[in-house]
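Just so it is clear, none of the values below were taken in a lab; they were calculated from the coordinates. Bear in mind that the values here come from a model prediction, so they are computed numbers and not experimental data. Please note: Cβ atoms are built from the backbone with ideal geometry, for glycine as well, and neighbour counts cover all protein chains shown.
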Amino acid sequence: MTLRIGVVGAGANTRSRHIPGFQHIKGVSVTAVCNRSEASGQRVAAEFAIPRVYTDWRELVHADEVDAVCVGTWPYMHCPVVLETLGAGKHVLTEARMAMNLAEAKQMLAAAEAAGTVAMVVPAPMYLETEPALVTLVAEGFFGDWLEIHLRGMGGSFDPGAPLHWRQRRALSGNNIMALGIFNETVRRYAGDELAVMAHGRIFTPERLDPETGTRLPADVPESLGVIAEMRCGATALYHFSSVARHGTGDALEFHGTQGTLKLEAGKAWIAGADDPVLRQFVVPEAEQGGWRVEEEFVEAIRDGKPVTRTSFADGVKYMAFTDAVQRSMREKRRVELSEC
């Protein structure tokens, strides 16, 4: 029997990855789409030969020709669409970040557990090729116990005249800040959970011109963020992100342990063991590599009952708790325990 997918929100990632990914799986069909406007929905339908365009996402969710829903909207719509889909007894894959805040994420997890259908969050996409082999090395003790974890996301440019982007509006993106949730999700795969955080953020251009309305609106998501996290494993994790670093050094993750070091940068991994004088590139044989299998994993969970390992709603709740703790620490200017969230 054909598995029929309905798409609510056809953003860039949905058009480049999810729709083509589903359409390449045998026995899977993308049967319906609902975008921000009927015209944009029609364009997506024409591009991907999707037979039905809806103007009301609730009608799509409840349509007989839809068995599962892929949510590609901005975060402010994730919770309502997911709850409606689960309430209809259908499977759901939602784009990251999971929700606007921890309260929504908890609602979504409870609804998923009650529905008993497959519920999955699009995972952090970085370094998936080497991840399975590296996680095995961590479990085998190759790096020893983690001591220091450093994360860097330095890019963008300082341009006060640039138009407002949805990622700069808390009303649309919630408590999510730049790549904070993606990096935190990645860190947790290698090093586990946090106990507490201290955070400081800055907004340099508090208002920007909204190109859709022609009015100036708040740009109230930090453009610079620093976080110190106390890890349950005993390590200290330092996060530093900026969207105003024109000549920034890009993204990198470093894990320093009692026996070795792991560095992830520019899509590649480097490691060093206790007796290695320098880092060496970690190359995984093609047959053992991971990779982007989001659409396949979602379908396999539905058809074959395989567990969702990347990323479950329970995992999403954890990184939303971290995100909420960061926001609370900035607001209250203090150390915040994750247990407070």
What does the C-alpha gyration tensor say about the overall shape of the range 75-216? Classify as rounded when a/c is under 1.5, otherwise prolate if a/b is larger than b/c, or oblate. oblate
Under 5 Å between amide hydrogens, which residues at least 5 positions from Phe282 or on another chain qualify, with H placed 1.01 Å from N in the peptide plane? Ala269, Trp270, Ile271
Show me the trypsin sites (Lys or Arg not before Pro) within the range 1-47 that DSSP assigns to loop and that have at most 16 other Cβ atoms within 10 Å of their Cβ. Lys26, Arg36
Can you tell me the 0 to 90 degree angle between the C-alpha axis of helix 180-191 and the longest principal axis of the chain, rounded to 10? 60 degrees
Once you place label points 7 Å from the Cα toward the Cβ at Glu212 and Glu59, how far apart are they in nm? 2.0 nm
Could you give the size of the charge dipole of the chain about its Cα centre, using +1 on the Cβ of each K and R and -1 on the Cβ of each D and E, expressed in debye and rounded to the nearest 20? 720 debye
With +1 on each Lys and Arg Cβ and -1 on each Asp and Glu Cβ, how big is the dipole of the range 1-88 about its Cα centre, in debye rounded to the nearest 20? 320 debye
Among the chymotrypsin sites (Phe, Trp or Tyr not before Pro) within the range 235-328, which fall in a DSSP loop and have no more than 15 other Cβ atoms within 10 Å of their own Cβ? Trp292
Starting from the 7 Å offset along Cα-to-Cβ, what nm value, one decimal, do you get for the label separation of Val284 and Lys106? 3.5 nm
Quickly work out the Glu113-to-Glu148 label distance, labels modelled 7 Å from Cα along the C-beta direction, and quote it in nm with one decimal. 4.0 nm
Taking H as built 1.01 Å from N, whose amide H comes closer than 5 Å to the amide H of Asp251, not counting residues under 5 places away? Met154, Ala266
Run through the range 109-173 and list the chymotrypsin sites (Phe, Trp or Tyr not before Pro) located in a DSSP loop whose Cβ has at most 15 other Cβ atoms within 10 Å. Phe158
Nearest 10 degrees, 0 to 90: helix 78-87 Cα axis against the chain principal axis: 60 degrees
The chain shape via C-alpha gyration tensor axes, a/c threshold 1.5: oblate
Does the range 1-127 classify as rounded, prolate or oblate by the C-alpha gyration tensor (a ≥ b ≥ c root eigenvalues; a/c under 1.5 gives rounded; else a/b over b/c gives prolate, otherwise oblate)? rounded
Using the crude model of +1 on Lys and Arg Cβ and -1 on Asp and Glu Cβ, and no other charge, please compute the dipole size for the range 120-208 relative to its Cα centre, in debye to 20. 560 debye
Computed [θ] at 222 nm, deg cm²/dmol, the chain (DSSP H ≥ 4; -39,500 (n - 2.57); rounded to nearest 500): -9000 deg cm²/dmol
Using Cα centres only, tell me the gap between the range 224-300 and the range 30-74 in whole Å. 36 Å
